[in-house]
Amino acid sequence: LGAIELVMGMSHRGRLNVMAHVARRPTQEIFAGFEDVDPRSVLGSGDVKYHMGATGEYTTRSGGKVHIHLVSNPSHLEAVDPVTVGRTRAKQDRTAERARDKYLPLLVHGDAAFAGQGILAETMNYADLPGYTVGGTIHVIVNNLLGFTTSYTEEHSTRFAACIARRQSIPIFHVNGEDPEAVIWAVQLAVDYRQTFQQDATAVTVIARSTIPSSPSLFFIRRSKSIRRSGKSMPTTPAQPGRKSRLLQFAPNLKPLKNKREQSSKSL
């Protein structure tokens, strides 16, 4: 895809896992952070380690090298969003050629935070403005139908947590989190769309729970364990085909979604 660096923002939950397996930070360094460095301290080390950033290098299956920049999160959940996008824009501005392709921003969200924290909506509002655009951000929502202690029925007023992204003309891919291959395929599709059309793309990973009650809005989770089994069979990706061919497999007549501002100006 031509990317040389992934600028990643996420909340504190799962951060240590990402440090070890994505940023490739040595585990001994991570575990050392759990030790109290000051024996005179009575407060302990706290949860600072869960908010710290990391850098590293990830080697792809094809042997390519991608630099990983996990941005420090100064607070909980979505506070890191504008920091991640802003850092990406700064790196792109210092690059003369194919800057949008080389630096790819990725934001990982929880379902409750994506729908409930306003800073996410503010950040997405700048996505297509010339002074702030980064050529599209990949949003991955890990939807476990639970917002800390809040039930999914009390998280948001819309049908899905990702509905707030509908105000922008960007694709939203829903996929069952219990099917790893389908998750990979959906994320690949989101990245292909971003790299091709330079727009945001959102992939929603729905983690099925055994306690899910019968609900029309959640029926699609129970209906199938794989999105491949509903409607037309989902094409496989045997040897990493090009992003355009993968997009055409999904929708032969796919075109970049127009900005709503452009649509309203034409109608006038």
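The values are calculated or read from the model by the stated rules, or taken from the named source; none is laboratory data. Keep in mind the model is a prediction, meaning the values are calculated, not measured. Note that we place each Cβ from the backbone using ideal geometry, even for glycine, and neighbour counts take in every protein chain shown. Just so you know, the surface numbers come from the protein's heavy atoms only, side chains and all, with ligands and any DNA or RNA stripped out. Shrake-Rupley method; radii C 1.70, N 1.55, O 1.52, S 1.80 Å.
Need a quick list: helices (runs of 4 or more DSSP H) entirely within the stretch 74-187 having at least 1 residues that are out of contact with any Pro (no Cβ under 7 Å at 6 or more places or on another chain), farther than 25 Å from Tyr50 by Cα and open to solvent by 20 Å² or more (accessible area, probe 1.4 Å).
Values: elements: 81-93, 99-102, 111-116, 118-125.
Fully inside the stretch 74-187 and qualifying: 81-93, 99-102, 118-125.
Could you give every pair whose Cβ atoms fall below 9 Å, whose first residue belongs to the stretch 132-151 and is among the small types (Gly, Ala, Ser), and whose second residue is assigned to a strand (DSSP E or B) and modelled with pLDDT of 80 or more, counting only separations of at least 6 or pairs across chains?
Gly135/Tyr103; Gly135/Leu104; Gly135/Pro105; Gly136/Leu104; Gly136/Pro105; Gly136/Ala201; Gly147/Gly110
Contact list please: Cβ distance under 6 Å, first residue in the stretch 154-175 and free of Cβ contacts under 8 Å to residues at least 60 places away in the same chain, second residue assigned to a loop (DSSP other than H, G, I, E, B), pairs at least six apart or on different chains.
Correct list of pairs: empty, since none qualify.
Could you say whether any residue in the stretch 195-204 is of a type in the set (D, E, K, R) and either in contact with a helix residue (DSSP H, G or I) (Cβ under 7 Å, 6 or more places away or on another chain) or touching a residue at least 60 places away in the same chain (Cβ under 8 Å) (or both)? I'd like the intermediate steps shown before the answer.
The initial filter retains those residues of the stretch 195-204 that are of a type in the set (D, E, K, R), namely 200.
This time we only want the ones that are either in contact with a helix residue (DSSP H, G or I) (Cβ under 7 Å, 6 or more places away or on another chain) or touching a residue at least 60 places away in the same chain (Cβ under 8 Å) (or both), so: 200.
Yes, some residue in the stretch 195-204 is of a type in the set (D, E, K, R) and either in contact with a helix residue (DSSP H, G or I) (Cβ under 7 Å, 6 or more places away or on another chain) or touching a residue at least 60 places away in the same chain (Cβ under 8 Å) (or both).
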